Amino acid sequence: MITSTRRVSADKPEVQIAFSLDESSELKDAEDPFPAFPDLEQRLQPVLPCQSLKESVEVYKDHCKMANEFNQVKHEIARLEDRKKELIAELLEDEKVSMEVERLEEEYRILTEENRNLITVHSERAQQLENLRVISQKRQGSS
């Protein structure tokens, strides 16, 4: 079992990597073509190990594993940034909807108040009309 503990930076927790390979597979893997890490800067690319040194092969394996993890983290960050953009767009849309709802609520309040006023005026005018009819009937009855 190979275990390696690394601290990426002082403010990040340690990352522990553990894997187990028998010696024959370690040497066989070291002979495999150089794995491609196209997203990784050239200066950070794993360097092929000296096959005769077990420690060199172990360092190479660690480096390849860290390069894979780096790619995974990089892709996860990109995915999360895309999701962040989607959420910001949704938030902006929600804010527009919220503003429209507020505008409609205000418009409803104004129209409701206007409706009450019109109902009051209608009742007053209906009462006045009734009063005028009563007065008119009294005049016609007294003539």
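The values are calculated or read from the model by the stated rules, or taken from the named source; none is laboratory data. Remember, predicted model here, so these are calculated numbers, not experimental data. Note: ideal-geometry Cβ built from the backbone for every residue, glycine included; neighbour counts use all protein chains shown. Ligands, DNA and RNA are stripped out before the accessible areas are found, and what is left, the full protein with its side chains, is counted by its heavy atoms. Shrake-Rupley method; radii C 1.70, N 1.55, O 1.52, S 1.80 Å.
Hey, does the stretch 26-47 have a residue that's in a strand (DSSP E or B) and either at pLDDT 90 or above or in contact with a Leu (Cβ under 9 Å, 6 or more places away or on another chain) (or both)? No, because not a single residue in the stretch 26-47 is in a strand (DSSP E or B) and either at pLDDT 90 or above or in contact with a Leu (Cβ under 9 Å, 6 or more places away or on another chain) (or both). In the set Glu55, Glu14, Glu23, only one residue is modelled with pLDDT of 90 or more and open to solvent by 90 Å² or more (accessible area, probe 1.4 Å); that residue is Glu55.
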